[in-house]
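Structure first, then comments.
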Amino acid sequence: QVQLAESGGGLVQPGGSLKLSCVASGFTFSNHVVNWYRQAPGKEREFVARIFSTRIGGATNYADSVKGRFTISRDDARNTAYLSMTGLEYEDTAVYYCKVVIFSGDRSAEYWGPGTQVTVSS
């Protein structure tokens with residue numbers, strides 16, 4: 001059973017930092033891309049960052065809005081992905097989710113965690 005669990009959210013002042021974690025279970029974590037998304041109140045869920053499997057180099061992608069401020073990483077030994085966020089802005093307030101896509105033959109399924117709230121406020 002695939003499970004994802006985010007943690008590390010909280011209340012932070014503008015310019016502050018947080019580090020989110022996504023702990024995975026139920027699949028071979030090291031083989032899969034891990035994505036972070038976020039959803040702000042009244043807005044659609046949007047892509048934040050992704051990290052590819054370490055086995056193919058562990059490349060990363062970022063949304064333009066977070067480039068240079070957020071860093072995605074992974075620790076395959078701990079089945080955990082991280083999102084380090086610095087220079088937080090009011091606009092970063094959202095629920096943050098991690099997502100993986102599991103392929104089986106010609107089928108695929110998306111799995112999401114329940115999310116963790118990040119609030120940037122003075």
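A few comments on the model shown:
- Label point distance in nm, Gln117-Thr60, each placed 7 Å from Cα along Cα→Cβ: 2.8
- Build a GNM of the chain with springs between Cα atoms under 10 Å apart, and of Ser108, Ser73, Ser21 the one that fluctuates most is Ser108.
- Charge sum, other residues only, whose C-beta stays under 14 Å from Ser53's C-beta, Lys/Arg counted +1 and Asp/Glu -1: +1
- Ordering Ser121, Gln13, Ala49 by the projection of their Cα atoms onto the charge dipole of the chain, which places +1 on the Cβ of Lys and Arg and -1 on the Cβ of Asp and Glu, puts Ala49 at the extreme positive end.
- Extreme residue, positive dipole direction of the stretch 74-122, given options Val101, Ala77, Gly87 (C-beta unit charges): Ala77
- Within the shell of other residues whose beta carbon sits under 9 angstrom from the beta carbon of Asn35, the net charge comes to +2, with Lys and Arg scored +1 and Asp and Glu -1.
- Extension gain for Ala109-Thr28 works out to 27.7 nm (0.36 nm per residue, less the C-alpha to C-alpha distance).
- Rough spin-label spacing in nm, given labels placed 7 Å along Cα→Cβ, for Ser17 and Glu46: 2.4
- Accessible surface, 1.4 Å probe, highest first, among residues Trp36, Trp112: Trp112, Trp36
- Within the chain: Cβ-based charge dipole about Cα centre, in debye rounded to nearest 20 (Lys, Arg +1; Asp, Glu -1): 200
- Relative packing of 37-44, 24-31, which averages over residues the other C-beta atoms within 10 Å, highest first: 24-31, 37-44
The values are calculated or read from the model by the stated rules, or taken from the named source; none is laboratory data. This is a predicted model, so every value here is computed, not measured. Note: ideal-geometry Cβ built from the backbone for every residue, glycine included; neighbour counts use all protein chains shown. For the accessible areas, the whole protein counts, side chains as well, though only heavy atoms, and no ligand, DNA or RNA atoms are used. Shrake-Rupley method; radii C 1.70, N 1.55, O 1.52, S 1.80 Å.
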